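Participant: Sharing a structure, written as structure tokens. Questions coming.
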Amino acid sequence: MALVRSPTELIQAFRGLGFRMTPQRQRIFEVLDACDGHPSVEQVHDIVASEMPAISVKTVYQAVHELEALGEISLLDLGLGSFRIDKHVTGEPHHHLVCRRCGEIRDLAVSFEELDLPPAATQGFVVGRPEIVFRGLCPSCATRSDVDRPTSIPDRPRSDHG
């Protein structure tokens, strides 16, 4: 899935907001537009750094945070060790399927309209839309012969105290 707006449109939008358009920012936009799935910020950095070795991970994080502030992407913290970039920000809300073995992420276009928290359950929080993550095994990992082996990404925190 490509970005909502093309890299050229993003460059114009950024300039219109007074942001300085650097070659690094432009390349980050192009890489994000070309990436499939939900790349990590570090994956985007690695691709850009292969052409621009001096670029820092901080520069990539700054650019993606700016894109998130403009509503162009969402940053997902799915407990995989790095933020993932979700370019599917328009249209119907969606949720995610996450493979607990390989970390693959897929969009899940399912509505949970019946999900409503009673006011007492919110503990004083002002609750927005739900973001639901289903963990399991992707088709590739589910068919592997070592499927019973412990996974690297647990379904829930494990206690060292048994």
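The values are calculated or read from the model by the stated rules, or taken from the named source; none is laboratory data. Since this is a predicted model, take the numbers as computed values, not measurements. Because the Cβ atoms are built from the backbone with ideal geometry, glycine has one as well, and the counts that use them run over all protein chains shown.
Residue by residue, here is whether (1) in a loop (DSSP other than H, G, I, E, B); (2) free of Cβ contacts under 8 Å to residues at least 60 places away in the same chain holds:
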| position | (1), (2) |
| --- | --- |
| Val4 | yes, no |
| Ala13 | no, yes |
| Gln43 | no, yes |
| Met52 | yes, yes |
| Ala63 | no, yes |
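Participant: Here's another thing I want to ask about it. Go through Leu32, Leu97, Leu78, Leu17 for me and flag whichever is of a type outside the set (Ser, Thr, Tyr) and surrounded by fewer than 14 Cβ atoms within 10 Å (Cβ to Cβ).
Facilitator: Numbers: Leu32 fails: surrounded by fewer than 14 Cβ atoms within 10 Å (Cβ to Cβ); Leu97 fails: surrounded by fewer than 14 Cβ atoms within 10 Å (Cβ to Cβ); Leu78 fails: surrounded by fewer than 14 Cβ atoms within 10 Å (Cβ to Cβ).
Result: Leu17 is the single residue among Leu32, Leu97, Leu78, Leu17 that is of a type outside the set (Ser, Thr, Tyr) and surrounded by fewer than 14 Cβ atoms within 10 Å (Cβ to Cβ).
Participant: Considering every residue within the range 112-133, establish whether at least one is within 30 Å of Arg20 (Cβ to Cβ), at pLDDT 90 or above and not in a loop (DSSP other than H, G, I, E, B).
Facilitator: Initially, the range 112-133 is screened for residues within 30 Å of Arg20 (Cβ to Cβ), giving none.
The answer is no; no qualifying residue exists.
Participant: Limited to the range 77-111, what total is found for residues that are touching a residue at least 40 places away in the same chain (Cβ under 8 Å), among the hydrophobic types (A, V, I, L, M, F, W, C) and part of a strand (DSSP E or B)?
Facilitator: Residues flagged as touching a residue at least 40 places away in the same chain (Cβ under 8 Å), among the hydrophobic types (A, V, I, L, M, F, W, C) and part of a strand (DSSP E or B) within the range 77-111 amount to 5.
Participant: Of all residues in the range 16-58, count the ones that are over 20 Å from Asp86 (Cβ atoms), at pLDDT 95 or above and among the hydrophobic types (A, V, I, L, M, F, W, C).
Facilitator: Result for the range 16-58: 4.
Participant: Of all residues in the range 1-12, how many are modelled with pLDDT of 90 or more and exposed (fewer than 14 other Cβ atoms within 10 Å of the Cβ)? Even if it seems obvious, please write down each step before you answer.
Facilitator: Filtering the range 1-12 for residues modelled with pLDDT of 90 or more gives 6-12.
When the remaining residues are screened for being exposed (fewer than 14 other Cβ atoms within 10 Å of the Cβ), the result is 6, 8-9, 12.
Total satisfying the criteria: 4.
Participant: Anything in the range 134-146 that is in contact with a strand residue (DSSP E or B) (Cβ under 6 Å, 6 or more places away or on another chain) and not in a loop (DSSP other than H, G, I, E, B)? List them, or say none.
Facilitator: Those that are in contact with a strand residue (DSSP E or B) (Cβ under 6 Å, 6 or more places away or on another chain) and not in a loop (DSSP other than H, G, I, E, B): Phe134, Arg135, Cys141.
Participant: Looking at this structure, is Leu75 at pLDDT 90 or above and either closer than 28 Å to Val127 by Cα or not assigned by TED's automatic domain parsing to the domain that holds Thr22 (or both)? Let's see the steps before the verdict.
Facilitator: Details: at pLDDT 90 or above: yes; either closer than 28 Å to Val127 by Cα or not assigned by TED's automatic domain parsing to the domain that holds Thr22 (or both): yes.
Judged against the criteria, Leu75 is a match.
Participant: How many residues are in contact with a helix residue (DSSP H, G or I) (Cβ under 9 Å, 6 or more places away or on another chain) and not in a helix (DSSP H, G or I) when one looks only at the range 18-39? Steps first, answer last, please.
Facilitator: Filtering the range 18-39 for residues in contact with a helix residue (DSSP H, G or I) (Cβ under 9 Å, 6 or more places away or on another chain) gives 19-22, 24-35, 39.
From what is left, the residues that are not in a helix (DSSP H, G or I) are 19-22, 35, 39.
Residues that pass the stated criteria total 6.
Participant: Just to be sure I understand, how many residues within the range 117-133 are surrounded by fewer than 11 Cβ atoms within 10 Å (Cβ to Cβ) and without any contact (Cβ under 8 Å) to a residue 24 or more places away in the chain?
Facilitator: Residues of the range 117-133 surrounded by fewer than 11 Cβ atoms within 10 Å (Cβ to Cβ): 118-126, 128-129.
Restricting the remaining residues to those that are without any contact (Cβ under 8 Å) to a residue 24 or more places away in the chain gives 118-126, 128.
Number of matching residues: 10.
Participant: Follow-up question, since we're still on this one. Among the listed residues Val60, Val89, Val48, which satisfies the condition of being of a type outside the set (Gly, Ala, Ser), surrounded by fewer than 19 Cβ atoms within 10 Å (Cβ to Cβ) and more than 20 Å from Gly103 (Cα to Cα)?
Facilitator: Working: Val60 fails: surrounded by fewer than 19 Cβ atoms within 10 Å (Cβ to Cβ); Val48 fails: surrounded by fewer than 19 Cβ atoms within 10 Å (Cβ to Cβ).
Going through Val60, Val89, Val48 in turn, just one is of a type outside the set (Gly, Ala, Ser), surrounded by fewer than 19 Cβ atoms within 10 Å (Cβ to Cβ) and more than 20 Å from Gly103 (Cα to Cα): Val89.
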